[in-house]
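The values are calculated or read from the model by the stated rules, or taken from the named source; none is laboratory data. Small disclaimer: the values here were computed from a predicted structure and weren't measured. A quick note on method: Cβ atoms are made from the backbone with ideal geometry, for glycine too, and the neighbour counts reach across all protein chains shown.
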Ligand code: AMP
């Protein structure tokens, strides 16, 4: 089963991808995570990508396609995978479909998580992460017991460089200009399911589970 989680930054793709991993036993492929790992490791690719990512722009199709092409042929992807944050351009989508076709595969489901612009700004600009253990927090919705300190390991929490309000606004604009057109593209492929990405995480999980097991919920037009 090949699933694409689609939606603007902050729509909950990462959270829902984790649910799919646990519930359906397929790996998550997050291009954002892969790029952040390259930046952290200081690889040549990471050095190239860092300034674009910090500004909220899109890393070149060539770089991202190289990462994905290498990842999807790994053994753990044989039964499928869930893509999170990819594809983000029509060229990325065309390339994905072409290289899946070479091995007789295709995208089974695209789940679009729809969230209002102001909700995204509130969600992302309040997001904080523990740099040591990776635990996530939010300054309003999921506060640590002691301000700015990780409950689990006591490390001072940080804000992702691209989660400042100014960069979040740029990321949403980039999404509107370069990525949102993919919704029509996936609709024409007949694989698009639209659900609201606002509300209880467990409700959204239930809707996703229903789509992936029976293909029967959400706005599948
Ligand atoms: P994300 O964690 O998915 O929000 O991605 C963080 C950043 O990584 C984005 O703002 C882009 O700079 C870069 N990135 C992630 N995925 C892609 C992609 N498919 N195409 C281009 N850039 C990407």
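Could you pull out the residue among 30, 51, 60 that is surrounded by fewer than 16 Cβ atoms within 10 Å (Cβ to Cβ) and within 22 Å of residue 95 (Cβ to Cβ)?
Residue meeting the stated conditions: 60.
Using the structure shown, decide if residue 153 is surrounded by fewer than 18 Cβ atoms within 10 Å (Cβ to Cβ), over 19 Å from the mean Cα position of the chain (by Cα), farther than 15 Å from residue 13 by Cβ and at pLDDT 95 or above.
Yes; evaluated as a whole, the condition is true for this residue.
Output the number of residues of the stretch 50-60 satisfying the condition of being touching a helix residue (DSSP H, G or I) at 6+ places or on another chain (Cβ under 8 Å) and near the ligand (Cβ under 7 Å from one of its atoms).
Number satisfying all stated conditions: 5.
Determine which member of the set 47, 63, 21, 3 is assigned to a strand (DSSP E or B) and either more than 15 Å from the ligand (Cβ to nearest atom) or over 24 Å from residue 210 (Cβ atoms) (or both).
3 is the lone residue from the list that is assigned to a strand (DSSP E or B) and either more than 15 Å from the ligand (Cβ to nearest atom) or over 24 Å from residue 210 (Cβ atoms) (or both).
Please verify whether residue 74 is more than 11 Å from the ligand (Cβ to nearest atom), loosely packed, with under 12 Cβ neighbours inside 10 Å and farther than 21 Å from residue 15 by Cβ, treating the condition exactly as stated.
It is true that residue 74 is more than 11 Å from the ligand (Cβ to nearest atom), loosely packed, with under 12 Cβ neighbours inside 10 Å and farther than 21 Å from residue 15 by Cβ.
Has the stretch 136-145 got at least one residue that is more than 16 Å from the ligand (Cβ to nearest atom), at pLDDT 95 or above and on the phi > 0 side of the Ramachandran plot?
No, that holds for no residue.
Identify the single condition in (1) crowded, with 18+ Cβ neighbours inside 10 Å; (2) at negative phi; (3) within 16 Å of the ligand (Cβ to nearest atom) that residue 121 does not satisfy, given that it satisfies every other one.
Evaluating residue 121 over (1) crowded, with 18+ Cβ neighbours inside 10 Å; (2) at negative phi; (3) within 16 Å of the ligand (Cβ to nearest atom) leaves (1) as the failure.
In the stretch 24-44, how many residues are within 14 Å of the ligand (Cβ to nearest atom) and in a helix (DSSP H, G or I)?
Summing the residues that are within 14 Å of the ligand (Cβ to nearest atom) and in a helix (DSSP H, G or I) in the stretch 24-44 gives 10.
Quick one: which residue in 25, 32, 57, 14 is out of contact with any strand residue (DSSP E or B) (no Cβ under 8 Å at 6 or more places or on another chain) and on the phi < 0 side of the Ramachandran plot?
57
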